[in-house]
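The values are calculated or read from the model by the stated rules, or taken from the named source; none is laboratory data. The shown structure was predicted, so the numbers you read here are calculated from the model rather than taken from an experiment. Here the Cβ positions follow ideal geometry from the backbone for every residue, glycine too, while neighbour counts run over all protein chains shown.
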Amino acid sequence: MSGAPVVDGAGGTPRRRIRLRWYLLVILVVGGVMASTPWWGHDLAFFRVQQVEVRGARYARPSDIAARLKIDTTFSIWGDLDSLRVRAEGHPQVRSARISRRLPSTLVVTVNENLPIALVPAATGFKAYDDSGRALPLDPARWGVDLPIVPRADTALFRLLAEMKAEWPEYYARVSEARRVGKDEVYLQLVDVGVRAMLDLSTERLLQLSSVEADLAKRHLRPVEFDLRYEDLVIARLP
């Protein structure tokens, strides 16, 4: 009896229990690797990219964005997507991109575009710019975009127009031209009236302008110009 093995509550010898634990550990590690990284699909033709779908493109050509990825049908859908995202964001029309997989063989590229905020005269017509002052590779004539005209590229003016578009889109839609008339002064030509203002024109000032316009409209008065350059004053010049 003294030489008999000791049996624990699990029903096995200490050596057998240790071996079983190692087996379980190996199974867990292998299972985790298979679940987190589908290495087993890298070399299968079934998972090679056959299609690139581009979503969210408004002005950019989806084919141009797809070409930026520089992949062919030997590329596995399980390949590195971060490098592809960087390539897509290299397109001047793309502000940000997100790439996802749709099994078994499609990559989906969802883009957020740099949208045009103004047009600047150029030798060949007009060139579109975004709010950061970046020239965009879109043809305004082809797309028929109706945007404010700025005499020359001016990032501060682009930023002002972008803020108007975000906060007061109805006023932005009325701007046909925007230009500087001094270091910190701007002139906005709306479709029906001119507005003189400072470069740091705020939404509060536009709210005041809206109130004055509404009051004058009730009295059937049509000003030829508004002046917002003086703090807390909205000066309306009548014909």
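Does L157 satisfy the condition of being on the phi < 0 side of the Ramachandran plot, buried (at least 17 other Cβ atoms within 10 Å of the Cβ) and not aromatic (F, W, Y)?
So L157 fits the description; yes.
Count, please, the residues in region 85-132 that happen to be closer than 11 Å to I65 by Cα and assigned to a helix (DSSP H, G or I).
4
Could you list all residues from region 133-151 that are out of contact with any strand residue (DSSP E or B) (no Cβ under 8 Å at 6 or more places or on another chain) and in a loop (DSSP other than H, G, I, E, B)?
Listed by number, the residues that qualify are G133, R134, P137, D139, G144, D146.
Looking only at region 77-96, count every residue that is polar (S, T, N, Q) and crowded, with 18+ Cβ neighbours inside 10 Å and tell me the total.
1
Evaluate region 137-145: report whether one residue or more is of a type outside the set (S, T, Y), under 19 Å from R95 (Cα atoms) and at pLDDT 90 or above.
The answer is no, given that none of the residues of region 137-145 is of a type outside the set (S, T, Y), under 19 Å from R95 (Cα atoms) and at pLDDT 90 or above.
Report the residue count in region 154-196 for those that are in a helix (DSSP H, G or I) and closer than 13 Å to F226 by Cβ.
Result for region 154-196: 1.
Does A217 qualify as being more than 30 Å from V94 (Cβ to Cβ) and either assigned to a helix (DSSP H, G or I) or of a type in the set (K, R) (or both)?
So A217 passes the test.
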